[in-house]
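Worksheet: the structure to be examined is printed underneath.
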Amino acid sequence: MPGGAVSAARKVMCGLLDLIFPDDCRVCQQPLHEVSRIPVCSSCLSAPEIFEAEFFCVACRTPFVNAAPLDEQGLCSLCRLGVNGFDEVYSFGAYDGTLRNLIHVFKFEGVQTLGRPLGRYLAQVLPRELAFDVIVPMPLHWRRRWQRGFNQADLLAREIGRRWNTPIQSVVRRKKATAPQAGLTSAQRRKNVSGAFEVRRGKRLDGKRVLLIDDVLTTGATASACARALKRAGAAHVTFLALARRDRRAPIEFAITAASAGSGS
């Protein structure tokens, strides 16, 4: 083979290797020293820490700066009022720093191989004694799934399904393409996703304990809307499991109370 052809072939091969095994970590941009299908260094993969708070709701586990927003049972006002459609929440970490970057690489850069290590994070915070009849990934609207090429919640659910030996069923569909939630208040978010989900025709979940999985929990509006659809189909209990949640360590309860007082309702 002529020297020029050899050189060209070598460049093509190197390009393919760089694509399959990148030189730099997608998170910290430092050189990768290990050959892996995951383009993230071991330091970044081990950096995220479990979310902790001294004061939190015992049901939705929203963190607070003090115990004032919680009643004697440890419930926040939203859970006391039954605003949340789910029964309990577990989440691994705060949606910031390295964990936020990992989720962006996973979801927006299409690095699906991150599904397994991120799924292992979820397994760390879900109590082993909990039992579920079915695991349900949070659905994407068909347009969003077509654009992204995959549903990140599906990949996370597979890891938990394997570890808990529990079947995964995509029984819910997102029938309405809602506007982006960013920038909306909690009330606006709930209105935005109201009626967005439905259980597929012919599917019932009578008496079943359901584990609903997604990547990020912000206000809980989307999770609540999906959980309500599951309960309309007969689910007895819905646990929501998220990879990360926004740490709104601010007295939002007081803001809700003030807004209610001002509106007279």
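The values are calculated or read from the model by the stated rules, or taken from the named source; none is laboratory data. In this text the structure is predicted, and so the values were computed from the model without any measurement. Cβ placement follows ideal geometry from the backbone for every residue including glycine, while neighbour counts extend to all protein chains displayed. Accessible surface is based on the protein model in full, side chains and every heavy atom, while ligands, DNA and RNA are left aside. Shrake-Rupley method; radii C 1.70, N 1.55, O 1.52, S 1.80 Å.
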Item checked: Selected residue [at pLDDT 90 or above, within 21 Å of VAL216 (Cα to Cα) and open to solvent by 40 Å² or more (accessible area, probe 1.4 Å)] from GLU49, GLU72 -> GLU49
Margin query: Restricting to segment 234-246, give me the number of residues that are under 14 Å from the mean Cα position of the chain (by Cα) and in a loop (DSSP other than H, G, I, E, B).
Written below: 1
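Conditions (1) modelled with pLDDT under 95; (2) more than 22 Å from LYS231 (Cα to Cα); (3) open to solvent by less than 70 Å² (accessible area, probe 1.4 Å), marked per residue:
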{"site": "THR98", "(1), (2), (3)": "no, yes, yes"}
{"site": "LEU102", "(1), (2), (3)": "no, yes, yes"}
{"site": "LYS107", "(1), (2), (3)": "yes, yes, yes"}
{"site": "PHE132", "(1), (2), (3)": "no, no, yes"}
{"site": "ILE135", "(1), (2), (3)": "no, no, yes"}
{"site": "MET138", "(1), (2), (3)": "no, no, yes"}
{"site": "ARG148", "(1), (2), (3)": "yes, yes, yes"}
Check: In segment 143-161, which residues are of a type outside the set (S, T, N, Q) and more than 18 Å from the chain's Cα centre (by Cα)?
Finding: ARG143, TRP146
Item checked: Residues being in a strand (DSSP E or B) and either touching a Leu at 6+ places or on another chain (Cβ under 6 Å) or closer than 14 Å to ALA153 by Cβ (or both) - total across segment 203-233 -> 8
Note to self: Consider segment 29-46. How many of its residues are outside any loop (DSSP other than H, G, I, E, B) and open to solvent by less than 60 Å² (accessible area, probe 1.4 Å)?
What the structure shows: 2
Next item on the list: Residues being part of a helix (DSSP H, G or I) and touching a residue at least 12 places away in the same chain (Cβ under 8 Å): count how many of those fall in segment 68-113.
Entry: 15
Note to self: Within segment 182-202, take every residue that is surrounded by 15 or more Cβ atoms within 10 Å (Cβ to Cβ) and assigned to a loop (DSSP other than H, G, I, E, B) and give me the one that is modelled with the lowest pLDDT.
What the structure shows: LEU184
Next item on the list: Please specify each residue of segment 100-153 satisfying the condition of being aromatic (Phe, Trp, Tyr) and within 29 Å of GLU52 (Cβ to Cβ).
Entry: PHE106, PHE108, TYR121, PHE132
Check: Going through segment 203-230 one residue at a time, which ones are among the small types (Gly, Ala, Ser), in contact with a helix residue (DSSP H, G or I) (Cβ under 6 Å, 6 or more places away or on another chain) and open to solvent by 10 Å² or more (accessible area, probe 1.4 Å)?
Finding: ALA225
